[in-house]
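The values are calculated or read from the model by the stated rules, or taken from the named source; none is laboratory data. Please read all numbers here as calculations on a predicted model, not as lab measurements. Cβ: placed from backbone, ideal geometry, glycine included. Neighbour counts: every protein chain shown.
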Amino acid sequence: MFKKLIASHQMRRRVSWIIAAILILPFIFFFHATGQAPPRGPGGTAGTLFGKPVPWEQFQEQQRWVRQQVAGRLGGDIPEAFEPMIARLAWDRILLAREAARRRVRVEDRELVQFIQEQLPIFKEEGRFVADRYHRFVRAMGMTPQAFERLLRHDLVIDKLTEAVKGSVTVGAAEVRDAFDRKHERLTATVIRFDPASFTAEAQAAASEEAVTAYYDAHAEEFRLPEQVTVDYAGASRDDLAPGVAVSEADVSAYYQDHQEQFTAEGGAVTPLEEVREAAREGVVEERVSKQLTALALDLQDDLDATLPFEEIVKTRALATRTAGPAPVEALRIPEGGASSVLPGLAGLPDAQLSEVLRTDHGVYVARVTQRIPSRLPPLEEVRDTMRERVSAQRARELARAKAVELQTRLKDRLAAGMRFEETLLSGEPAPAEPASFTRTEPIGSAGHAPQVNGAAFDTPLGGLTDVMETDRGFVIVHPEARHPADATRFAQQEAELRDEVLADRRTQHFTQWLEDLRRRARLRSFIESPAS
């Protein structure tokens, strides 16, 4: 009956209008009548870009994706201080995707498929893409292939847009030559450094019991002992798996042929196999162990998805159980052969509950907390010596700073009165001065590597004095005396490499500025901090 009813063109139009009246018009009337925007928070908007709402779910998806990438790079837990950065990156991804859409930047299906199958070695086995490995990996991330591919396409679109923006920048010969001159120009100067260590004796004398107690009262939380945990963990390390990898001569030859660039010298000549046979053998082992670890990670994820208990996972996968701790959770180290790694991903894990799959540079594991020692604040008696050292070190730096400021004031006054710099140094209390010669990037004598000192020294007129500058090695004053131009005969030799450096720097600067301008124009309003507000 219904099929017959909508068979005619006229009736289909009437049915369409009825559907519109039922489903669409009430929403139009509601929003026009009330003037309300979609609600903030879950089910509504996460914020606005260019005055247009960003769906809450879209932001959450991007934030989860960014968090996964950051966690992968950090090897586990993400410090709380990183959360604002993660939110900022999520907003930037949405913003860049909208700009890419405006510019009609696209990634075709074939490009996406090619990237997944050819550019992501984690999905390959013996050099070939394995669909099962791909689906298991995506499932282990808690995603569907459609969601994973949507986010990956998003990445590729952003990459295309980024390269297009950066690619608009070029550098000329004058810029390269200017960079060469700045890089190799030298400055000779007198450097005066007040080392806090020189004031240690005087500072220790000032570290009275009253001062130590006052410091403890003001900084006690800095000495709080963190919670410690003991964990059982099971898995495999590279050192566990490597001895079991059998490598034939054919395997070594195949690896050598497939990785010619690894065995190519700077001049372009390929090192004969006989000379690199052991390195090629190690390469085969490394590849196979990496694949075994990836397979183990996927198997463990399957076990976790099936909510198998720790003991059953250990038995099913023939894993050895080991124990680590007690130690602070963020520094819980596990021995792996001759090395050790921080075991990530345990912060906030309830007692006896299984962790997620934990990856380190050396292995793959699951773990559970078996003991927990609460955080505590040590009494003054336990940390008195440390307190005294802190008070002494702080007082020594204060004394060093005061001496540096006093000397700089005296030197400036005498230079202004017409005295030569050498005379000002010789008059009064001896100053810890030394001659130095340096470029804009080199360490400066006993002051060491302190870029802010180099910059201030080059920015100060010859014969003048820099301000007192604090460094890791104390407090520094610089008196610039002569500039020495770069050796022009070395320019041709360095021109090509320097051009690449300058171009990379200019493109990065340009993209950073472009992104700042885009953010400004987008007028982001975020409702993430307080969705209900």
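Might you check whether a residue that is in a helix (DSSP H, G or I), surrounded by 15 or more Cβ atoms within 10 Å (Cβ to Cβ) and of a type in the set (G, A, S) occurs anywhere in the range 399-420?
Looking through the range 399-420, at least one residue is in a helix (DSSP H, G or I), surrounded by 15 or more Cβ atoms within 10 Å (Cβ to Cβ) and of a type in the set (G, A, S).
Among (1) under 28 Å from Q394 (Cα atoms); (2) touching a Pro at 6+ places or on another chain (Cβ under 7 Å); (3) in a loop (DSSP other than H, G, I, E, B), where does L462 come up short?
In the conditions (1) under 28 Å from Q394 (Cα atoms); (2) touching a Pro at 6+ places or on another chain (Cβ under 7 Å); (3) in a loop (DSSP other than H, G, I, E, B), L462 misses (1) alone.
Filter the range 212-239 down to the residues that are in contact (Cβ under 8 Å) with a residue 40 or more places away in the chain, of a type in the set (D, E, K, R) and farther than 22 Å from A327 by Cβ and list them by number.
If the condition is that a residue be in contact (Cβ under 8 Å) with a residue 40 or more places away in the chain, of a type in the set (D, E, K, R) and farther than 22 Å from A327 by Cβ, then R238 is the only one that fits.
Out of G47, G41, G75, G51, which single residue is at positive phi, surrounded by 14 or more Cβ atoms within 10 Å (Cβ to Cβ), modelled with pLDDT of 85 or more and not assigned by TED's automatic domain parsing to the domain that holds D361?
Result of the check over G47, G41, G75, G51: G47.
Any residue that is touching a strand residue (DSSP E or B) at 6+ places or on another chain (Cβ under 6 Å), assigned to a helix (DSSP H, G or I), within 16 Å of F527 (Cα to Cα) and modelled with pLDDT of 90 or more - is there at least one of those in the range 55-63?
Yes, the conditions are met somewhere in the range 55-63.
Identify the residue in the range 439-475 that is surrounded by 13 or more Cβ atoms within 10 Å (Cβ to Cβ) and among the polar types (S, T, N, Q) and, among all such residues, is nearest to L411 (Cα to Cα).
So, considering only residues that are surrounded by 13 or more Cβ atoms within 10 Å (Cβ to Cβ) and among the polar types (S, T, N, Q), the one nearest to L411 (Cα to Cα) is T466.
Within the range 142-156, how many residues turn out to be under 22 Å from the mean Cα position of the chain (by Cα) and over 17 Å from L120 (Cβ atoms)?
So the count comes out to 0.
So which pairs qualify, if the first residue must be in the range 177-202 and assigned to a helix (DSSP H, G or I), the second must be among the hydroxyl-bearing types (S, T, Y), the Cβ gap must be under 7 Å, and the two must be at least 6 apart or on different chains?
Final answer for the pair search is K183/T439; H184/T439; T200/S392.
Out of S341, S392, I need the residue that is among the polar types (S, T, N, Q), surrounded by 15 or more Cβ atoms within 10 Å (Cβ to Cβ) and either part of a helix (DSSP H, G or I) or at pLDDT 90 or above (or both). Which one?
After ruling out the rest, the residue left standing is S392.
Which residue, of A295, A280, is among the aliphatic types (A, V, I, L, M), touching a Leu at 6+ places or on another chain (Cβ under 8 Å) and assigned to a helix (DSSP H, G or I)?
On inspection, the qualifying residue turns out to be A280.
Across the range 94-130, what is the number of residues that are touching a helix residue (DSSP H, G or I) at 6+ places or on another chain (Cβ under 8 Å), β-branched (V, I, T) and assigned to a helix (DSSP H, G or I)?
Counting residues in the range 94-130 that are touching a helix residue (DSSP H, G or I) at 6+ places or on another chain (Cβ under 8 Å), β-branched (V, I, T) and assigned to a helix (DSSP H, G or I) gives 3.
Listed here are the residues, each with its yes/no results for (1) touching a Lys or Arg at 6+ places or on another chain (Cβ under 8 Å); (2) modelled with pLDDT of 90 or more.
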{"position": "S208", "(1), (2)": "no, no"}
{"position": "A220", "(1), (2)": "no, no"}
{"position": "Q228", "(1), (2)": "yes, no"}
{"position": "D232", "(1), (2)": "yes, yes"}
{"position": "S237", "(1), (2)": "no, no"}
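I'd like to verify a number: residues in the range 231-265 that are surrounded by fewer than 18 Cβ atoms within 10 Å (Cβ to Cβ) and of a type in the set (D, E, K, R), how many?
So the answer is 4.
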